[in-house]
1. So, R0 is 35 Å and r is the distance between the beta-carbons of Asp118 and Lys15; what FRET efficiency does that work out to, to 0.05?
2. Taking all pairs of distinct Cα atoms, average 1/r, flip it, and tell me the Kirkwood hydrodynamic radius of the chain in Å to one decimal place.
3. Where is the GNM fluctuation largest for the chain (alpha-carbon springs, 10 angstrom cutoff): Ile277, Ile168, Ile13?
4. Using alpha-carbon pairs under 8 Å, 6+ residues apart, how would you state the relative contact order of the stretch 197-351 in percent?
5. Which three extents, in angstrom, do the Cα atoms of the stretch 201-351 have along their principal axes, listed largest first?
6. How high is the relative contact order of the stretch 94-153, given as a whole-number percent (alpha carbon pairs under 8 Å, six or more residues apart)?
7. In Å and on Cα atoms, what radius of gyration and Dmax does the stretch 78-120 show?
8. On a 23 Å Cα-Cα criterion, which of the cross-link pairs Lys14/Lys156; Lys243/Lys289; Lys73/Lys217; Lys4/Lys73; Lys78/Lys104 come out too long?
Amino acid sequence: METKVIKADRKNIKKEDLTEAGEILRAGGLVAFPTETVYGLGGDGLNPDASKKIYAAKGRPSDNPLIIHIADKEDIKKLAVDIPDLAWKLADKFWPGPMTMILKKGPAVPRETTGDLDTVAIRLPSDEIARTLIRESQVFVAAPSANSSGRPSPTKAEHVIEDLSGKIDMIIDGGSCDIGLESSIIDLSGDKPLILRPGFITREDFEAVAEGVEYDKAVIAKTPEKNVVAKAPGMKYRHYAPKGTITIVEGDTDKVVEKINAEVALNESRGVRTAVICSDENKSRYKCKNVYDLGSRKHELDITSSLFDVLRQLDSDEIGVIFAESFDELRLSQAIMNRLRKAAGYNTVRV
Ligand code: AMP
Ligand code: MG
């Protein structure tokens, strides 16, 4: 299949620009599009065949459910049942934006879309391209991240092209994603609100609206907890990991720099292609041929929006061994470290 790539400017988007993309979605085809979090691979969420195509294009296990994207809050009534008051409060506060809610599934949503669950994940994105596309398509757009299963989520159209070119109908190139990490997921289908995936909207943000909100245990685990049954089925799958091995080095900054430099020297002396992932603040302190600077700790969105790009560069630069600083003092620490720990296979040393 030939994949058509079109450009779109989120600051000046007209619905005519997305007419063809909307038609593709309505006809059961697949279109990758930018959102404020990461690029999504969209298909008609109420069409089981379109959902099956999404799983096939990504190589995604069929029990890993999809998030349905809407353009109008009221549409949750068409997708979910037994909607608690809290869902409306959260929608008023955080939508449009990087929050996904899990609610009890309504009869319109096929099990092919929910990974056979009785619940449905719904998000109303703020990105103008995404919202215009959803409206233009007149369908509810199921869209997981537009990467091959297991690879880092795409934050630029080039990443989507790398993974999915030839497998989907269209890619809308809207440049880089502002946040660069997937949405925060909050489960409202149980007795108490539970954060299944940390993102730009933090626990503290949720607490301002939702009393007693907690993290699912698997989210904050520093080691893979084999006995914890993952609430979000996606949690159990290998994620983000580059071909090289990542070790996160935690502790006092001076000691971290010293430890990483010693490890780099050892690996480079053995002829291993070695890299460091760090922040702007410490960049100049590393003696290593390949230093990947995520940005300043003072600009957290620089860090979040460059993380997945750097994880992909490690593979294209054929790096074998990687040492990463920890980012545990930031507002978005849970979100960043959740991805970094998964990428590292939870491999961490403390100095
Ligand atoms: P992605 O769109 O690839 O960022 O991932 C979608 C993720 O949303 C899945 O891997 C799950 O973790 C989560 N998710 C989607 N639907 C549900 C659901 N019904 N219940 C729990 N988690 C869900
Ligand atoms: Mg994903």
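1. 0.50
2. 20.7 Å
3. Result: Ile13 has the largest fluctuation of those listed.
4. 35 percent
5. If we take the Cα atoms of the stretch 201-351, the spans are 52, 32, 28 Å.
6. Numbers: 53 pairs, mean separation 19.3, N = 60.
Over the stretch 94-153, the number comes to 32 percent.
7. 11.1, 30
8. With Cα atoms farther than 23 Å apart: Lys73/Lys217; Lys4/Lys73.
Bear in mind that the values in this text are calculations on the coordinates, not laboratory data. Everything numeric in this text was worked out from a predicted model, so none of it was measured. No Cβ is skipped: glycine too gets one built from the backbone with ideal geometry, and neighbour counts run over all protein chains shown.
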